[in-house]
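*Asks:* This structure is in structure tokens; I'll ask about it shortly.
The values are calculated or read from the model by the stated rules, or taken from the named source; none is laboratory data. Since the model is a prediction, treat every value here as computed from it, not as a measurement. Here Cβ is always computed from backbone atoms with ideal geometry, including for glycine, and neighbour counts include all displayed protein chains.
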Amino acid sequence: MTLARDLSLSTLDALVARFNLREIGAPYKSLISPMSPAPVGAIRMFSGEKISKLVYIGVTVPPIGLDSHMYFAFTPPGSLVPHFTLDSVNAGPHLAFHLDLVPRADLGANLEYLNHAFQPLTADFDAARKIEGLTPAHLSPRQYAIMSPWMLAFRATESAFAAMRPHVDRYLSFWGDLVELGIPAEMVPGATSENLAERDRRNRAALFNPEVDPVWNQMDRLLGPQTCAEMRDILKRQEI
């Protein structure tokens, strides 16, 4: 098992157990590539009471040394609780990860929400960035703008990648507490289920836009444009 697979699946299993998520399909969809006669991965989908939809995408292609694992845990469309995402990748000798809580409201205009849902992560954020062997990922300003300032996105040596696990666990634990306790709508003046759901719809359209995230162009070559378009549609849809 690669470091990327172990980190992704262990945190996924912890999340599924904590929130008693049920899996839909086994898997929801197998992924095929021209590089292999057998499936190279799968889309898995889960749902539960407080996490409306969790989408996991795993792709493993030994001939090119790729082992990639990503998931988004989406809270309900009308909720203020951030979404959780973890992406961990082995690409040949290289390792990389992306960890974040995706905001559900404008952080710059809602200090109480920012202080409640993100500020407590600061000590872990600062400590994680100091781990020896991390190199910042190549992300554009647009990608930073649609995520959170507490995003951790790095390339890593093996030792640095392993050292990230406690920080991943604490991000996940903090987010889990937010999910269980909820965030009062009063923290964002004017927030309604309807306008939060519309903001979430537009945010997902930006997050999974191939013009914003060039990794989709690489996935197109690996899995084909039609399959990747279906993957993006699954991630963007608020319903199962």
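*Asks:* Does M219 fit the bill of being of a type outside the set (V, I, T), assigned to a loop (DSSP other than H, G, I, E, B) and within 29 Å of T60 (Cα to Cα)? Steps first, answer last, please.
*Replies:* Values: of a type outside the set (V, I, T): yes; assigned to a loop (DSSP other than H, G, I, E, B): no; within 29 Å of T60 (Cα to Cα): yes.
No: the conditions fail for M219.
*Asks:* Looking at (1) touching a residue at least 40 places away in the same chain (Cβ under 8 Å); (2) part of a helix (DSSP H, G or I); (3) out of contact with any strand residue (DSSP E or B) (no Cβ under 8 Å at 6 or more places or on another chain); (4) farther than 27 Å from D233 by Cβ, which is the one condition that is false for V179?
*Replies:* If we test V179 against (1) touching a residue at least 40 places away in the same chain (Cβ under 8 Å); (2) part of a helix (DSSP H, G or I); (3) out of contact with any strand residue (DSSP E or B) (no Cβ under 8 Å at 6 or more places or on another chain); (4) farther than 27 Å from D233 by Cβ, just (4) comes out false.
*Asks:* Would you mind stating whether E239 is surrounded by fewer than 14 Cβ atoms within 10 Å (Cβ to Cβ), in contact (Cβ under 8 Å) with a residue 24 or more places away in the chain and part of a loop (DSSP other than H, G, I, E, B)? Write out each step before concluding.
*Replies:* Working: surrounded by fewer than 14 Cβ atoms within 10 Å (Cβ to Cβ): yes; in contact (Cβ under 8 Å) with a residue 24 or more places away in the chain: yes; part of a loop (DSSP other than H, G, I, E, B): yes.
Answer is yes for this residue.
*Asks:* Can you say whether S79 is of a type in the set (S, T, N, Q), buried (at least 20 other Cβ atoms within 10 Å of the Cβ), under 13 Å from the mean Cα position of the chain (by Cα) and at pLDDT 95 or above, as far as the supplied structure shows? Let's see the steps before the verdict.
*Replies:* On the way: of a type in the set (S, T, N, Q): yes; buried (at least 20 other Cβ atoms within 10 Å of the Cβ): yes; under 13 Å from the mean Cα position of the chain (by Cα): no; at pLDDT 95 or above: yes.
So S79 does not fit the description; no.
*Asks:* Anything in segment 29-46 that is in contact (Cβ under 8 Å) with a residue 60 or more places away in the chain and surrounded by 17 or more Cβ atoms within 10 Å (Cβ to Cβ)? List them, or say none. Can you show your working first?
*Replies:* Within segment 29-46, the subset in contact (Cβ under 8 Å) with a residue 60 or more places away in the chain is 29, 31-35, 40, 43, 45.
Within segment 29-46, K29, L31, S33, V40, I43, M45 qualify.
*Asks:* Another one. Taking segment 90-102 on its own, how many of its residues are more than 9 Å from the chain's Cα centre (by Cα) and surrounded by 23 or more Cβ atoms within 10 Å (Cβ to Cβ)?
*Replies:* Pass one, segment 90-102, residues more than 9 Å from the chain's Cα centre (by Cα): 90-97.
From what is left, the residues that are surrounded by 23 or more Cβ atoms within 10 Å (Cβ to Cβ) are 95, 97.
Here the count works out to 2.
Each row is one residue, and each column tells you yes or no for (1) among the aliphatic types (A, V, I, L, M); (2) in contact (Cβ under 8 Å) with a residue 12 or more places away in the chain; (3) under 30 Å from E49 (Cα atoms).
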{"site": "R104", "(1), (2), (3)": "no, yes, yes"}
{"site": "L114", "(1), (2), (3)": "yes, no, yes"}
{"site": "A123", "(1), (2), (3)": "yes, no, no"}
{"site": "D126", "(1), (2), (3)": "no, no, no"}
{"site": "M147", "(1), (2), (3)": "yes, yes, yes"}
{"site": "A160", "(1), (2), (3)": "yes, yes, no"}
{"site": "M164", "(1), (2), (3)": "yes, yes, yes"}
{"site": "D169", "(1), (2), (3)": "no, yes, yes"}
{"site": "I183", "(1), (2), (3)": "yes, yes, yes"}
